[in-house]
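Read the structure below first, then the notes.
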Amino acid sequence: MHPDTPAAASQVQEVVHHSPRLYGLQRSNWRQTDLRQVIEWLRPLSLSGVCRLFRRLQVVYKRGRTSVHSPDPAYDEKLAVIAQARKGSQADPERFPFLYEDEMTYELRPRVSRAYARRGRDAKLARQAPTAKQRRIAASLEVNTGVVIARQRSRFNVKEMYRYFRLVEKRYPKAERVTIALDNWPVHFHPFVLEELAKRHSRIELLPLPTYAPWTNPTEKLWGLLAKDELNQHAFVEDWPGLKQAVTDWFTQFEQGSKALLYSVGLCPD
């Protein structure tokens with residue numbers, strides 16, 4: 001690999017993003033000698049050559065900040081499998097639809113957020129709800145069309161999760177395989193769910209995302225859009241049915257797909 005190519009820069013940036021321990025090194029932070037050992041095409045370079053190359057690639061040694069990184073040793077392998085499935089879906093989306101799935105909980109209690117108000121006056125207040133009612137949503141986002149398949153329930157136990165997967169499958173009657181990438185919540189891969197899908201010769205394929213890596217699931221950004229439009233500072237504090245209906249109505253705009261949504265969650269190319 002030539003050191004001054006975009007692929008070289010991408011590989012270096014990807015390696016330094018992870019812990020050296022994932023590459024068999026017993027330390028928490030990278031050194032140039034470590035990177036030269038792990039990245040094969042760096043080995044012929046001197047340390048001063050590595051330093052100059054990193055400057056050109058804009059890879060610098062800088063102060064860290066509080067953050068969360070996935071501890072999953074199979075991080076790269078899982079994303080590679082998902083990337084391959086997405087590539088197949090892009091080539092033939094009708095036969096091989098690909099979706100990202102996630103769940104979230106919303107409450108009758110409004111979320112406090114930023115809002116417009118007259119300068120010098122108090123900010124808009126989020127009224128407190130008389131009860132702490134909650135509702136769960138499962139939603140899947142199809143990567144080629146922006147179709148969202150959402151379902152609300154009081155909870156998603158193993159039976160409801162299985163029923164939801166069947167609901168997604170029925171939306172694609174012509175598909176040979178329906179691939180769903182999702183996090184590692186035990187309910188997703190519970191034996192009951194997997195056995196029931198297998199009994200019915202389901203076309204659903206479940207691909208696990210890396211553990212503790214919500215940034216790999218674009219559906220997480222869908223929840224932010226929902227909160228911005230319907231949940232933040234909402235006025236349904238005494239109207240639980242009204243809030244549930246407002247959330248249901250919000251999802252209807254994506255039933256036939258939305259390119260704008262794909263751009264909003266980062267699934268469209270620049």
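The values are calculated or read from the model by the stated rules, or taken from the named source; none is laboratory data. Being a predicted model, the structure only gives us computed values, none of them experimental. Backbone-built Cβ (ideal geometry, glycine too); neighbour counts: all protein chains shown. Each accessible area value is taken on the protein alone, full model and side chains, heavy atoms only, with ligands, DNA and RNA left out. Shrake-Rupley method; radii C 1.70, N 1.55, O 1.52, S 1.80 Å.
Return yes or no: is residue 28 open to solvent by less than 100 Å² (accessible area, probe 1.4 Å), among the hydroxyl-bearing types (Ser, Thr, Tyr), at pLDDT 90 or above and more than 20 Å from residue 10 (Cα to Cα)? Give the derivation first.
Values: open to solvent by less than 100 Å² (accessible area, probe 1.4 Å): yes; among the hydroxyl-bearing types (Ser, Thr, Tyr): yes; at pLDDT 90 or above: no; more than 20 Å from residue 10 (Cα to Cα): yes.
Considered against the rule, which asks whether it is open to solvent by less than 100 Å² (accessible area, probe 1.4 Å), among the hydroxyl-bearing types (Ser, Thr, Tyr), at pLDDT 90 or above and more than 20 Å from residue 10 (Cα to Cα), residue 28 comes out as no.
Restricting attention to segment 249-268, and to residues there that are of a type in the set (D, E, K, R) and assigned to a helix (DSSP H, G or I), which single residue is nearest to the chain's Cα centre (by Cα)? Step through it out loud before you land on a result.
To start, the set of residues in segment 249-268 that are of a type in the set (D, E, K, R) comprises 249, 255, 259.
Now narrow it down to the ones that are assigned to a helix (DSSP H, G or I): 249, 259.
Numbers: 249: 23, 259: 18 Å.
Only one residue tops the list, namely 259.
Quick one: residue 176 ticks every box in (1) of a type outside the set (Gly, Ala, Ser); (2) part of a loop (DSSP other than H, G, I, E, B); (3) closer than 20 Å to residue 77 by Cβ bar one, so which box is it?
It fails just one condition, (3).
Just give me the residues in segment 219-256 being under 19 Å from residue 89 (Cβ atoms) and surrounded by 14 or more Cβ atoms within 10 Å (Cβ to Cβ), in sequence order.
Going residue by residue through segment 219-256, those that are under 19 Å from residue 89 (Cβ atoms) are 219, 222, 254, 256.
Result: 219, 222, 254.
Which of the residues spanning segment 258-270 are among the small types (Gly, Ala, Ser) and surrounded by fewer than 16 Cβ atoms within 10 Å (Cβ to Cβ)?
Pass one, segment 258-270, residues among the small types (Gly, Ala, Ser): 258, 260, 264, 266.
Residues satisfying the conditions are 260, 266.
Return the pairs, sorted by first residue and then second, in which the second residue is open to solvent by less than 60 Å² (accessible area, probe 1.4 Å) and assigned to a loop (DSSP other than H, G, I, E, B), the first residue lies in segment 176-193 and is over 16 Å from residue 217 (Cβ atoms), the beta carbons are less than 6 Å apart, and the residues are 6+ apart or on different chains.
That search, which allows pairs on different chains as well, returns 177/96; 178/97; 178/172.
For residue 211, work out the one condition from (1) over 20 Å from residue 137 (Cα atoms); (2) modelled with pLDDT of 95 or more it doesn't fulfil.
Tallying (1) over 20 Å from residue 137 (Cα atoms); (2) modelled with pLDDT of 95 or more, residue 211 fails exactly one: (2).
Give the residue, chosen from 22, 35, that is at pLDDT below 90 and either more than 30 Å from residue 203 (Cα to Cα) or in contact with a helix residue (DSSP H, G or I) (Cβ under 7 Å, 6 or more places away or on another chain) (or both). Step through it out loud before you land on a result.
Details: 35 fails: at pLDDT below 90.
From the options 22, 35, the qualifying one is 22.
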